[in-house]
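We did not get these values from a lab; they are worked out from the coordinates using the rules stated. What you see is a predicted model, and the numbers here were worked out from it, not measured in a lab. For neighbour counting, all protein chains shown are included, and Cβ atoms are generated from backbone atoms with ideal geometry for every residue, glycine included.
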Amino acid sequence: MPVHVSIHDVSPAWAAEVDAALQACAEVGIKPGLLVIPNYHGAWPLDEHPAYAERLRDWQAAGHEIFLHGYYHLAGAGRRASAAAGNAAPRGLRRLWAQKVVSGGEAEFSDVDEAEARRRLDDGEAVLRRAGLEQLDGFIAPAWSMPPWMFAVLRERGYRYTEDHLHVYDPAAGARRASVVLNYASRTPARLWSSLLYCRLARPARRLLPARVAIHPADMRHAVLRKEIHGLLRWAVRDAVVPARALVEA
């Protein structure tokens with residue numbers, strides 16, 4: 001089955017780590033998709049880093065897919081009061097799961113109502129346009145976490161690709177396909193070693209389902225994960241490495 005490779009959290013905040021991940025991919029001939037954050041944690045606005053915007057344009061011109069990856073990649077950041085009708089932000093156990101289990105408070109789109117989600121999509125798209133990235137290959141929510149009503153929002157905007165932990169989607173076409181995602185977590189030693197074990201055990205699922213390899217910049221700060229990523233990338237190229245939307249059609 002096919003596999004897609006991506007680098008998450010692409011931002012000048014993680015410039016060195018993203019470069020290391022790109023180098024690892026280049027060594028096996030993979031051009032990963034790039035998940036770009038317009039203003040990482042509210043402290044790294046892409047508008048103020050023109051040299052990095054130029055690098056993004058160069059990467060896109062070289063054949064890398066570009067995805068909008070939230071706006072702040074942080075829960076609670078920049079939240080504005082909303083008087084508009086629409087779907088509310090998730091609360092209770094769903095919010096607890098997204099912010100404390102799945103992520104360390106970075107599941108941005110599980111923390112906003114519909115009006116705020118639409119504003120952040122508008123703002124994020126505008127930032128990437130100003131950076132010279134006219135073509136977006138999709139939207140992927142931080143921590144793969146967003147409420148069900150987001151699919152209708154993405155469909156309205158013509159997005160052809162998004163994903164969560166278990167599936168890949170073409171919102172515009174209303175298509176969905178199960179997919180296994182392989183990624184590491186390094187916030188604690190327990191998460192690091194358990195995610196390493198998971199990625200080794202989950203690889204055979206690719207015989208039945210399309211797979212996604214998701215590299216996070218923080219992974220590149222750990223020698224053991226760098227070694228695992230190199231091995232995972234060599235495993236990925238045994239079959240077809242495809243653009244993200246091809247996973248939905250696989």
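Relative contact order of the chain, please, whole-number percent, based on alpha carbon pairs below 8 angstrom and at least 6 residues apart.
Averaging sequence separation for qualifying contacts and normalising by length gives 26 percent for the chain.
With the cut-off at 1.5 for a/c, could you classify the stretch 159-213 from its C-alpha gyration tensor as rounded, prolate or oblate?
Here the stretch 159-213 falls in the oblate category.
Need one word for the stretch 23-74: rounded, prolate or oblate. Basis is the Cα gyration tensor (sqrt eigenvalues a ≥ b ≥ c); a/c below 1.5 gives rounded, then a/b vs b/c decides.
prolate
Mind checking the dipole of the chain: about its Cα centre, +1 per Lys or Arg Cβ, -1 per Asp or Glu Cβ, Debye to the nearest 20?
880
Give me the extension gain from Asp58 to Glu156: residue separation times 0.36 nm, minus the current Cα-Cα distance, reported in nm with one decimal.
Result: 32.3 nm gained on full extension.
Provide the gained length on full extension for the span Val28 to Ala126, in nm with one decimal, where the gain is 0.36 nm per separating residue minus the Cα-Cα distance.
Answer, rounded to one decimal: 31.9 nm.
How far, in nm, would the chain grow between Leu197 and Ala178 when pulled straight, counting 0.36 nm per residue and subtracting the alpha carbon separation?
4.7 nm
Once every DSSP H run of n ≥ 4 in the chain is given -39500 (n - 2.57) and the sum is divided by its residues, what mean residue ellipticity at 222 nm do you get, rounded to the nearest 500 deg cm²/dmol?
Dividing the helical sum by the residues of the chain leaves -10500 deg cm²/dmol.
How many nm separate the modelled label positions at Asp239 and Thr188, each set 7 Å beyond the Cα in the direction of the Cβ?
Result for the modelled spin labels: 3.4 nm.
Calculate the FRET efficiency for Glu48 and Leu208 from the Cβ-Cβ distance with a Förster distance of 30 Å, rounded to the nearest 0.05.
Result of the calculation: an efficiency of 0.10.
Based on the mean of other Cβ atoms within 10 Å per residue, sort peptides 140-149, 156-165 so the most packed one is first.
Ranked by mean Cβ neighbours within 10 Å, highest first: 140-149, 156-165.
Hey, could you pull the Cα Rg and Dmax for the stretch 133-250, both in Å?
15.2, 43
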